[in-house]
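Please read the structure below before turning to the comments.
Throughout, read-outs are computed from the coordinates displayed, never taken from laboratory work. All of these numbers come straight from a predicted model, not from anything done at the bench. Cβ: placed from backbone, ideal geometry, glycine included. Neighbour counts: every protein chain shown.
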Amino acid sequence: MTSVNLGLRKLVYRAIYDHHLLFLIHMDLTYRPRRLRRSSGLRAMVREHSLSPADFIYPLFVHEGSDVQSIGAMPGANRWSVDHLVGEVQRAWDLGIRCVVLFPKVSESLKTEDGAECFNENGLIPRAIRRLKQDLPEMTIMTDVALDPYSCDGHDGIVSSEGIVLNDETVEFLCRQSVVQAQAGADLIGPSDMMDGRVGAIREALDEEGFENVGIISYTAKYASAYYGPFREALDSAPRAETDKPIPKDKSTYQMDPANAREAITEAQLDEQEGADILMVKPGLAYLDIIYRLRQESELPIAAYNVSGEYAMVKAAAACGWIDEESVVLETLLSFKRAGADLILTYHACDAAKWLAQARNEA
Ligand code: PBG
C-alpha cells in the first residue's frame, strides 16, 4: 500500500469513528468460530470435555496418632487418625467422590532397612482399610505399594550395602505388601515403586491368594520429579542417610528421567503385558504430553496424578491473592481430561467436587 493510500485509509477510519459509523466496517468471512461461543448454551453444546467427581481419586494421609495434623507445604490437606479418616472419607463420598488412596505416616521406630512393616497385617494401612470397608463398604479403596514410608533409607526399594536399590528382592516384598492390602479389603493396588517386573509379579501373587478380582492401577510413567517434595514432608519419607551406607540422594535409578517420552511407551507396553488394569502418569501438569501419548498407545483407562508440588504451588499463589484458586484448579483438572486422562488423583478433589456442584446449581 502506498503512503498516499495509507493516509487516505486513516482519514476514512477517523471519519467512521468520529461519526459513530462502525457498522460500516464488515469483513467478508465464511468461517467465524465465534458463532459457537456466543452464549453459554451454545458453549455447553459443543464442549468437548467435562469434569465429574466420579473422575477423582482423593489421596489421604493417615497417621498413628488420634488427632488431625496439618501439613506445612500442603495447606488444606491433613494427616488423619484412622477415626478421623472415616469422617473425611464420608465427606468425600457425600460430594460424589468414589475412590480414595491411602498413604501412611509410619512411626520412625517401625522403619527398617528392608521396610518389612509394609506387610504387617496389623500395620496402619491394613487397619485403616478394614475400618473404611466396615463403615463405608461402597467406597473404592486404592493403596500405594512401595517401601519408602517404611524404609529408614527413604527409598521405594531395599538399598544394598553398596547403595544400590535392589530390584528383584524388592519385588518380593512388594508382592507381600500387595497381598496384605488385598486381604484387608483394598480394591485397587497401586505400585508406585518403579521396580521392573513388579506388575506381573503382583498380579501373580494376588491371583495365587485368590484375589483375582483386585485390580492393579500401575504408576506406569512415574518420573524422578522435584514435584513430590511436599508429599515427602507429609510422610517424612525423603531419601536420607542414617547409617554409613551410601544412600542414593534421589530416585533417578528407578523413576524415569524427565527428559524421556518414548520410554513411557515402553513402560506402558510392559505394564499392559504384565496385567495392569489402569495406567498412570505422574506428575500430571508437566507431563500432559505423556498422558496424550499413552492415550494414543493404549485402550486401558489412564490416570493422571496431580501431585503434591502442583497442589502446593496453586495454594501458595492463591494465598498471595495472585490467582483465583477455583478457576485455576478446575482449568488444571480439565487439562488432564483434555490430554486423555480418564481419572485424576488430586488433593483438590473435595473442593473441586464442591465447586462443580455449585456451578451445576447455578446453571
Ligand atoms: C511413594 C510415592 C510418592 C508419591 C506417591 N507415592 C513419592 C515418591 O515417589 O517419592 C508422590 C505423590 C505426591 O507428590 O503427591 N513411592
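Please report the antiparallel percentage of the DSSP beta bridges confined to the chain, to the nearest 5.
Expressed as a percentage, antiparallel bridges in the chain total about 10.
Based on the mean of other Cβ atoms within 10 Å per residue, sort peptides 106-119, 18-31, 342-355 so the most packed one is first. Intermediate values should be presented prior to the final figure.
Working: 106-119: 18.1, 18-31: 7.2, 342-355: 21.9.
Going by the mean number of other Cβ atoms within 10 Å, highest first, we get 342-355, 106-119, 18-31.
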Handout entry: Between 0 and 90°, nearest 10: helix 262-274 axis offset from the chain longest Cα axis
Key = 50
Exercise for the section: Provide the net charge surrounding residue 87, with neighbours chosen by a C-beta distance below 11 Å and charges set as Lys +1, Arg +1, Asp -1, Glu -1. Expected result: -3
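What number, in nm² with one decimal, is the all-direction average of the projected area of the convex hull of the alpha-carbon atoms of the chain? All intermediate terms of the calculation are to be shown ahead of the outcome.
Numbers: hull surface 101.1 nm².
If you wrap the Cα atoms of the chain in a convex hull and average its projections, you get 25.3 nm².
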Exercise for the section: Go ahead and set up a Gaussian network model of the chain, Cα springs under 10 Å, then flag whichever of 226, 54, 73 fluctuates most. Expected result: 226
Exercise for the section: Return the whole-Å distance between the Cα centroid of segment 300-363 and the Cα centroid of segment 167-227. Expected result: 27
Practice task
Work out Dmax and Rg for segment 274-314 from the C-alpha atoms and quote the Rg first, both in angstrom.
Solution key: 11.3, 36
Problem - residue 52 paired with residue 196, simple spin-label distance in nm, labels 7 Å along Cα-to-beta-carbon - result: 4.1
Fill in the blank from the handout: Placing each pseudo-label 7 Å from Cα in the direction of the beta carbon, residue 83 and residue 213 end up separated by a distance in nanometres of 3.3
Handout entry: Full-extension gain in nm, residue 319 to residue 93, via 0.36 nm per residue minus C-alpha separation
Key = 78.6 nm
Practice task
Give me the angle, in degrees from 0 to 90, between the Cα long axis of helix 198-208 and the longest principal axis of the Cα atoms of the chain, rounded to the nearest 10.
Solution key: 60
Problem - FRET E, pair residue 249, residue 204, Förster distance 35 Å, beta-carbon r, rounded to 0.05 - result: 0.55
Problem - the chain: most fluctuating residue of 225, 81, 327 per GNM, C-alpha cutoff 10 Å - result: 327
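Can you give the FRET efficiency to the nearest 0.05 for residue 16 and residue 36, using r as the Cβ-Cβ distance and R₀ = 30 Å?
Working: r = 29 Å, r/R0 = 0.97.
Efficiency for this residue pair is about 0.55.
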Completion exercise
Given Cβ charges of +1 for Lys and Arg and -1 for Asp and Glu, the option among 256, 151, 296 whose Cα lies farthest towards the positive end of the dipole of segment 52-362 is 296
